[in-house]
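The values are calculated or read from the model by the stated rules, or taken from the named source; none is laboratory data. Every value quoted in this text rests on a predicted model; they were computed, and no experiment measured them. Note: ideal-geometry Cβ built from the backbone for every residue, glycine included; neighbour counts use all protein chains shown.
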């Protein structure tokens with residue numbers, strides 16, 4: 001019996017993004033880009049129940065809200081065993097050191113709000129983290145899911161009109177502690 005017999009292809013694999021998902025001060029933060037994991041862990045106080053997803057988060061729209069969970073392209077066959085969905089309040093993208101120097105050349109290191117389309121472009125530029133694609137998807141399906149244009153359009157459809165959703169550019173910070181403090185300062 002295969003060690004993957006309990007899994008099946010995720011029906012929403014086309015909405016998986018290379019991002020982490022943490023609950024920080026009871027708010028859902030989907031974080032992509034560079035240096036995302038350690039600061040997210042610290043900002044969530046290393047609480048296991050706040051570490052929702054690493055490198056493979058799927059987005060699900062329900063009404064006027066966006067939710068997410070861990071999904072690496074394969075999910076449990078029994079829906080009762082599925083990872084729970086958590087509301088996403090912030091979608092952030094962390095810049096690297098060189099990008100930060102260009103963007104923040106004259107200003108203080110702080111969050112920059114950005115439009116949904118820019119966030120979609122940034123998140124869609126990273127590789128698709130479907131770890132089980134060769135087991136559960138054909139080569140054509142995998143190629144379609146990884147197509148950056150399709151990913152941007154899917155992102156825009158998922159996020160369109162959601163009023164309370166924030167899109168933030170996060171500067172590179174010299175230390176994990178400084179970046180974690182920046183996250184926790186966003187919602188006082």
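Numbers for the structure displayed
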{"quantity": "Identity of the residue in the stretch 92-107, part of a loop (DSSP other than H, G, I, E, B) and out of contact with any helix residue (DSSP H, G or I) (no Cβ under 7 Å at 6 or more places or on another chain), that ends up nearest to residue 39 (Cα to Cα)", "calculated": "96"}
{"quantity": "Test result for residue 13, in contact (Cβ under 8 Å) with a residue 12 or more places away in the chain, over 14 Å from the mean Cα position of the chain (by Cα) and crowded, with 17+ Cβ neighbours inside 10 Å", "calculated": "no"}
{"quantity": "Residue in the stretch 95-104 that is in contact (Cβ under 8 Å) with a residue 60 or more places away in the chain and in contact with a strand residue (DSSP E or B) (Cβ under 6 Å, 6 or more places away or on another chain) present", "calculated": "no"}
{"quantity": "Residue 123 being modelled with pLDDT of 90 or more, surrounded by 13 or more Cβ atoms within 10 Å (Cβ to Cβ), in contact with a strand residue (DSSP E or B) (Cβ under 7 Å, 6 or more places away or on another chain) and not in a strand (DSSP E or B)", "calculated": "yes"}
{"quantity": "Check on residue 7, more than 12 Å from the chain's Cα centre (by Cα), within 29 Å of residue 97 (Cα to Cα) and surrounded by fewer than 22 Cβ atoms within 10 Å (Cβ to Cβ)", "calculated": "no"}
{"quantity": "Qualifying residue in the stretch 32-46 (condition: assigned to a strand (DSSP E or B) and either more than 13 Å from the chain's Cα centre (by Cα) or within 14 Å of residue 94 (Cβ to Cβ) (or both))", "calculated": "yes"}
{"quantity": "Contacts under 6 angstrom Cβ, first residue in the stretch 142-161 being more than 11 Å from residue 123 (Cβ to Cβ), partner surrounded by 15 or more Cβ atoms within 10 Å (Cβ to Cβ) and at pLDDT below 95, 6 or more apart", "calculated": "142/133; 145/13; 145/14; 145/128; 146/128"}
{"quantity": "Extreme residue, modelled with the lowest pLDDT, among residues of the stretch 33-43 that are touching a strand residue (DSSP E or B) at 6+ places or on another chain (Cβ under 6 Å) and surrounded by 23 or more Cβ atoms within 10 Å (Cβ to Cβ)", "calculated": "36"}
{"quantity": "One residue from 92, 80 being loosely packed, with under 15 Cβ neighbours inside 10 Å and either more than 11 Å from the chain's Cα centre (by Cα) or under 25 Å from residue 121 (Cα atoms) (or both)", "calculated": "80"}
{"quantity": "Any hit, the stretch 74-91, residues being touching a helix residue (DSSP H, G or I) at 6+ places or on another chain (Cβ under 8 Å), part of a loop (DSSP other than H, G, I, E, B) and in contact (Cβ under 8 Å) with a residue 12 or more places away in the chain", "calculated": "no"}
{"quantity": "Filter result for residue 134 (more than 17 Å from the chain's Cα centre (by Cα), farther than 15 Å from residue 34 by Cβ and at pLDDT below 95)", "calculated": "yes"}
{"quantity": "Boolean, residue 110 is closer than 24 Å to residue 180 by Cβ, in contact with a helix residue (DSSP H, G or I) (Cβ under 8 Å, 6 or more places away or on another chain) and surrounded by fewer than 15 Cβ atoms within 10 Å (Cβ to Cβ)", "calculated": "yes"}
